[in-house]
Amino acid sequence: HNETELLGKYTKEKDYKKIYEITSYNSRHLYETTILNIASLMYDCNEIFLTNFLDWRGRIYTSNCTLNFQGGEIARGLIQFKNGEILNENGVYSLKIYLANAFGLDKKSKSYRVKWVDDHLDEILNTPDNNIWLLAEEPIVFLACCLELKGYYNNPEKFISRLPILIDATCNGIQHLSAMANDTQLAKKVNIGISSNDDDPMDIYSELIPFICEKVNSLADKEKIYANLKKLNITRKLIKRGIMTITYGVTRRGIMDQLLSDHFYKYALIKNKFIYKTRDESFQDPDAGFTYK
């Protein structure tokens, strides 16, 4: 950050907004340059190995190295498997779904996503000679998918695809609970009910927003100390992690810590209490600040 040298000055002045701006920028810069540096060092290697482990839920995680198939967008856009596959019809279909997801269409039906790719195929196959990839939510992953699809269409019979294609679940903990409880209504809301490729995926996080807003507004009306909460714009992004981790045993304090870590920063210190503001200004009235007990 171009004001990094002024960090000491802002710390003395307790300018928490500037401190957050500089440190968060530098943190992301360090993370992304680390990935690029590792990729540059490994570029001529025939193969690299990543250590993985399974946690108590049976999920697989890479245990070291920022350059991995579960890393940030740049990492996922750079890494490839050594051993690939010649794409069959299902493989091409999955690649198109992943490409559309990277563009930001993951809440649309599979049929819509594949049709969108087919409708924009000329632009996709001419990437990066045009700017369609810069319009994507995850431009680096989108670009990697475009290059992979271009390779396939150049030689459908012999092209070997090595790009990892990730498939995400919908609130996986609730998926398991709905299956264990045989709760068909809940199962449908987390996309393990009967559906077709023409159906838009259900989104339980968005469905819960009105209920959470009602509870927050009711609390703010009853106790004026919480009045500022009515100025908080409760979005899917704000509530997702808390809902997702309830099934993993997160506590109320844990959810609060998540919210502070993910979405808020210390704005000021008044009467020995920190005032917090949201990192994303779309979450709140710009004049609103929050404290907690």
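The values are calculated or read from the model by the stated rules, or taken from the named source; none is laboratory data. All values derive from a computational prediction rather than experimental measurement. Because the Cβ atoms are built from the backbone with ideal geometry, glycine has one as well, and the counts that use them run over all protein chains shown. Surface areas here come from the heavy atoms of the whole protein model, side chains and all, with no ligands, DNA or RNA. Shrake-Rupley method; radii C 1.70, N 1.55, O 1.52, S 1.80 Å.
Averaged per residue, segment 143-293 has 64 square angstrom of accessible surface, using a 1.4 angstrom probe with ligands and nucleic acids left out. With all protein chains in place and a 1.4 Å probe, the accessible surface of segment 5-52 carries 56 percent carbon and sulfur.
Dipole orientation for segment 194-246: of the candidates 244, 219, 208, 219 has the Cα lying most toward the positive pole (charges on Cβ; Lys, Arg +1; Asp, Glu -1).
Between the helical axis of 139-154 and the longest alpha-carbon principal axis of the chain there is an angle of about 10 degrees. Alpha carbon centre of segment 215-235 versus segment 240-293: separation in Å? One Cα centre to the other: 14 Å.
Taking the Cα centre of segment 160-247 as reference, the dipole from Cβ charges on Lys and Arg (+1) and Asp and Glu (-1) amounts to some 500 debye. Of all stretches in the chain that contain no GluC sites (Glu not before Pro) in a DSSP loop with at most 11 other Cβ atoms within 10 Å, the longest one is 48-156.
Secondary-structure-derived ellipticity at 222 nm for the chain, considering helices only, amounts to -15000 deg cm²/dmol, per-run term -39500 (n - 2.57) for DSSP H runs with n ≥ 4. Within the shell of other residues whose beta carbon sits under 11 angstrom from the beta carbon of residue 262, the net charge comes to +2, with Lys and Arg scored +1 and Asp and Glu -1. Annotation: per residue accessible area for segment 1-93 equals 74 Å², rounded to a whole number [probe 1.4 Å, protein chains only]. Computed from the alpha carbon positions, the gyration tensor of segment 115-211 leads to an equivalent ellipsoid with semi-axes of 35, 16, 12 Å, biggest first. Two decimals is fine: what's Rg over Rh for segment 154-293, C-alpha atoms, Kirkwood radius as Rh? So for segment 154-293, dividing Rg by the Kirkwood Rh gives 1.11.
Cross-link pairs exceeding 32 Å in C-alpha to C-alpha distance, out of 17/188; 96/231; 108/231; 222/266; 110/158; 110/215, comprise 17/188; 96/231; 110/215.
The candidate values were [x] 73, 53, 34; [y] 65, 43, 40; [z] 69, 55, 39; the one computed from these coordinates for Cα extents along the principal axes in Å carries the label [z]. Of the residues 268, 132, 52, the one whose Cα sits farthest towards the positive end of the charge dipole of the chain is 268 (charges of +1 on Lys and Arg Cβ, -1 on Asp and Glu Cβ, taken about the Cα centre). For the pair residue 130 and residue 256, the difference between a 0.36 nm per residue extended length and the Cα-Cα distance amounts to 41.0 nm. Of all the options 236, 279, 28, the one that moves most in a Gaussian network model of the chain with Cα springs shorter than 10 angstrom is 28.
Across the chain, Cα pairs under 8 Å and at least six residues apart give a relative contact order of 15 percent.
Against the main long axis of the alpha-carbon atoms of the chain, helix 204-222 sits at an angle near 0°. In loop segments of segment 7-74 as defined by DSSP, the chymotrypsin sites (Phe, Trp or Tyr not before Pro) with at most 15 further C-beta atoms inside 10 Å of their C-beta are 43, 49, 56. Axis angle, to the nearest 10 degrees, between helix 236-246 and the longest C-alpha principal axis of the chain: 90 degrees.
Computed over the Cα atoms of segment 55-180, the ratio of the radius of gyration to the Kirkwood radius (Rg/Rh) comes to 0.99. Using a probe radius of 1.4 angstrom, the carbon and sulfur fraction of the accessible surface of segment 149-207 is 51%. With a ≥ b ≥ c taken as the square roots of the eigenvalues of the C-alpha gyration tensor of segment 1-77, please select rounded if a/c is under 1.5 and otherwise prolate if a/b is larger than b/c or oblate if it is not? Cα axes put segment 1-77 in the oblate bin. Protein heavy-atom surface of segment 227-281, 1.4 angstrom probe: 54% of the accessible area is carbon and sulfur, with nucleic acids and ligands not counted.
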